[in-house]
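J.: For reference, the structure I am asking about is given below.
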Amino acid sequence: MLKRSDARKIVMTCLYQIDICKENKIPYDVEKIRKENCEIENEFVKDLLYGVAEKENELNELANHYLKNWDITRIDKTGAAILRMAFYELKYMNTPPIVVINEAVELAKNYTDEELAKMINAALDKYMKES
């Protein structure tokens, strides 16, 4: 059984790879990328990955609205993936908001830097207060 925190790492990695493919105009298949990164079938991984991929433009707009004086395109690809995942999970999934925010901040601390983790925390917190 895959823990959700591990599932989020897998989705973050997949989204990062997709972003690299897009940037370099390399054809990609979301399902192939998912299978390369997740050896077991996991509905949470599928729901989150496909949901973020499908709603990317909407999630970018949401992130840009809540990032103070920043744009998601200025954030590194890992941080952007974390932010999109968290906004998707807050908006479309039934995960408790405190869990989503804590998981996003921990991923950011582990895979980006402290300043970006603070920005992600502030943007998600502001979204929750206004929702």
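J.: So which residues in segment 74-94 are touching a residue at least 60 places away in the same chain (Cβ under 8 Å) and either surrounded by fewer than 24 Cβ atoms within 10 Å (Cβ to Cβ) or of a type outside the set (Lys, Arg) (or both), if there are any at all?
T.: Across segment 74-94, the qualifying residues are 77, 78, 80, 81, 82, 85.
J.: Sticking with this one: Scan (1) over 26 Å from residue 122 (Cβ atoms); (2) in contact with a helix residue (DSSP H, G or I) (Cβ under 8 Å, 6 or more places away or on another chain); (3) part of a helix (DSSP H, G or I) for the single condition residue 27 breaks and write down its number.
T.: Checking residue 27 against (1) over 26 Å from residue 122 (Cβ atoms); (2) in contact with a helix residue (DSSP H, G or I) (Cβ under 8 Å, 6 or more places away or on another chain); (3) part of a helix (DSSP H, G or I), the one that fails is (3).
J.: A follow-up question, please. Against the condition charged (D, E, K, R), out of contact with any Gly (no Cβ under 9 Å at 6 or more places or on another chain) and farther than 25 Å from residue 23 by Cα, how does residue 71 come out, does it pass?
T.: Numbers: charged (D, E, K, R): yes; out of contact with any Gly (no Cβ under 9 Å at 6 or more places or on another chain): yes; farther than 25 Å from residue 23 by Cα: no.
Here the answer is no, as residue 71 does not meet what is asked.
J.: Can you name the residue in segment 35-74 that is part of a loop (DSSP other than H, G, I, E, B) and among the basic types (Lys, Arg) and, of all such residues, is farthest from residue 100 (Cα to Cα)?
T.: Among them, the one singled out is 68.
J.: For segment 75-97, how many residues meet the condition of being part of a loop (DSSP other than H, G, I, E, B) and among the hydrophobic types (A, V, I, L, M, F, W, C)? First the steps, then the outcome.
T.: Of all residues in segment 75-97, those part of a loop (DSSP other than H, G, I, E, B) come to 75-76, 93-96.
Retained after the next criterion (residues that are among the hydrophobic types (A, V, I, L, M, F, W, C)): 75, 93.
Qualifying residue count, segment 75-97: 2.
J.: Here's a follow-up. Give me the pairs, please: first residue somewhere in segment 4-30 and at negative phi, second residue anywhere and among the basic types (Lys, Arg) and modelled with pLDDT of 95 or more, beta-carbon distance under 7 Å, and either six or more positions apart or on two chains.
T.: 14/34; 15/84; 16/77; 19/77; 20/77
J.: Kindly indicate whether residue 32 is at pLDDT 95 or above, loosely packed, with under 14 Cβ neighbours inside 10 Å and part of a helix (DSSP H, G or I).
T.: Numbers: at pLDDT 95 or above: yes; loosely packed, with under 14 Cβ neighbours inside 10 Å: yes; part of a helix (DSSP H, G or I): yes.
Criteria met by residue 32.
J.: In segment 111-126, which residues are free of Cβ contacts under 8 Å to residues at least 24 places away in the same chain and surrounded by 14 or more Cβ atoms within 10 Å (Cβ to Cβ)?
T.: Those that are free of Cβ contacts under 8 Å to residues at least 24 places away in the same chain and surrounded by 14 or more Cβ atoms within 10 Å (Cβ to Cβ): 117, 121.
J.: Criterion first (under 12 Å from the mean Cα position of the chain (by Cα), of a type outside the set (D, E, K, R) and surrounded by 12 or more Cβ atoms within 10 Å (Cβ to Cβ)) does residue 42 satisfy it?
T.: For residue 42, the condition - under 12 Å from the mean Cα position of the chain (by Cα), of a type outside the set (D, E, K, R) and surrounded by 12 or more Cβ atoms within 10 Å (Cβ to Cβ) - is not met.
J.: From the list 107, 62, which residue is closer than 21 Å to residue 1 by Cα and either out of contact with any Asp or Glu (no Cβ under 9 Å at 6 or more places or on another chain) or charged (D, E, K, R) (or both)?
T.: 107
The values are calculated or read from the model by the stated rules, or taken from the named source; none is laboratory data. Computed from a predicted structure; not experimentally measured. Reconstructed Cβ throughout: ideal geometry from the backbone, glycine too, with neighbour counts over all protein chains shown.
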